[in-house]
Ligand code: PEP
Ligand code: MN
């Protein structure tokens, strides 16, 4: 993952789409897949705004075992259907190594969530699967630990790794996590991997998403992954941080203006 190994930086390839380099990648969709109608409406909305990846959790690694855990494999199927109907790529989380074969049938890219950043068996087996990976930063992980996690995937021969800064735990409670914008230039200096920003899980509140998105892009991030729900108020998970489709469409316009300026 080091910069020395690849001084010009790596570009990840996901089904013919490139992540890294000049073009920003926009990934968006609900926190969780909840129904066929919900995921299709989200897909249509984010596609119209310019996103090229549909996100949505089928397996949700929830902090409480009593919270909604996702639609599981049925969620993967609905994601694939909505993405195919709208011409989007699918990025979705796998939380265990034994899901990889099934998930690979439906996903173009696997997400490794913050809670699993150091699940080394999962990292190694995703490495062997060769499916492109979005590797989120652990809740309390240093950049060095995060890059070592990327190394676990790459050491198995999978170089299509994209890092995702999603906020880290600090003493601050005004936001859900603290977006570490510094991670962008540090990662760019030490590593060859593309890095995108997840302002949704960093902020935890929809009204802060715009500021964090623009800051991430101004800092040089290669894209954004944002939670967007047709009706955030009734979302089964992360209701407070999801944008409506019109809010997302307005945000993408501003992001484009900042990207053009940097
Ligand atoms: C998610 O993106 O659905 C998610 C659970 O995020 P994180 O792993 O960053 O908390
Ligand atoms: Mn979420």
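Read-outs: derived from the displayed coordinates by stated rules, not from any lab. It should be emphasised that the depicted structure is a prediction, and the values quoted were computed from it without experimental measurement. Note: ideal-geometry Cβ built from the backbone for every residue, glycine included; neighbour counts use all protein chains shown.
Once both labels are modelled 7 Å past Cα along the beta-carbon direction, what's the residue 244-residue 259 spacing in nm?
Distance between label points: 2.5 nm.
When N is the residue count of the stretch 102-191, what does its C-alpha Rg come to as a fraction of 2.2 N^0.38 Å?
With N residues counted in the stretch 102-191, Rg over 2.2 N^0.38 Å equals 1.10.
Please compute the modelled spin-label separation between residue 3 and residue 142, points set 7 Å along Cα→Cβ, answer in nm with one decimal.
With each label point 7 Å from Cα toward Cβ, the separation is 1.8 nm.
Just report the Cα centroid separation between the stretch 1-58 and the stretch 78-116, whole Å.
11 Å
Rounded to the nearest 500 deg cm²/dmol, what is the calculated helix-only ellipticity per residue at 222 nm for the chain, with -39500 (n - 2.57) per DSSP H run of length n ≥ 4? It would help to have the intermediate numbers written out before the result.
On the way: 9 runs with 97 residues, N = 262.
Here the helix-only value at 222 nm equals -11000 deg cm²/dmol.
Only Cα pairs within less than 10 Å get springs; with that Gaussian network setup on the chain, which residue of 182, 237, 96 has the largest fluctuation?
Of 182, 237, 96, the Gaussian network model singles out 182 as fluctuating most.
Build a GNM of the chain with springs between Cα atoms under 10 Å: which of 27, 71, 109 gets the top mean-square fluctuation?
71
R0 = 25 Å: FRET efficiency of residue 233 with residue 211, Cβ-based, nearest 0.05?
0.70
Please compute the contact order of the chain in relative form: average sequence separation of alpha-carbon pairs under 8 Å and at least six residues apart, divided by the residue count, as a percent.
It rounds to 21 percent for the chain.
May I have the pair-distance distribution P(r) for the stretch 6-135, computed from all Cα-Cα distances with 10 Å bins from 0 and rounded to whole percent?
13, 43, 35, 9, 1
If you stretched the chain out fully between residue 155 and residue 121, how much longer would it get, using 0.36 nm times the residue separation minus the C-alpha to C-alpha distance? Write down the numbers at each step before the final one.
Working: separation 34, 0.36 × 34 = 12.24 nm, distance 1.26 nm.
Additional length available on full extension: 11.0 nm.
By how many nm would the segment from residue 104 to residue 85 lengthen if fully extended, with 0.36 nm per residue of separation less the alpha-carbon distance?
Gain on stretching residue 104 to residue 85: 5.0 nm.
Looking at the stretch 112-262 only, what percent of DSSP beta bridges run antiparallel? Nearest 5 please.
10 percent
Comparing 251, 54, 123, which has the greatest mean-square fluctuation in the GNM of the chain with Cα pairs linked when under 10 Å apart?
251
From the Cα gyration tensor of the stretch 1-81, with a ≥ b ≥ c the square roots of its eigenvalues, which class applies: rounded if a/c is under 1.5, or else prolate if a/b is larger than b/c, or else oblate?
oblate
Could you check how many percent of all C-alpha pairs in the stretch 12-261 are farther apart than 24 Å? Mind dumping the intermediate values first?
Details: 12143 of 31125 pairs.
Roughly 39 percent, once rounded to a whole number.
If you take every DSSP beta bridge fully contained in the stretch 12-261, what fraction is antiparallel? Give it as a percent rounded to 5.
Of all bridge pairs located within the stretch 12-261, approximately 15 percent are antiparallel.
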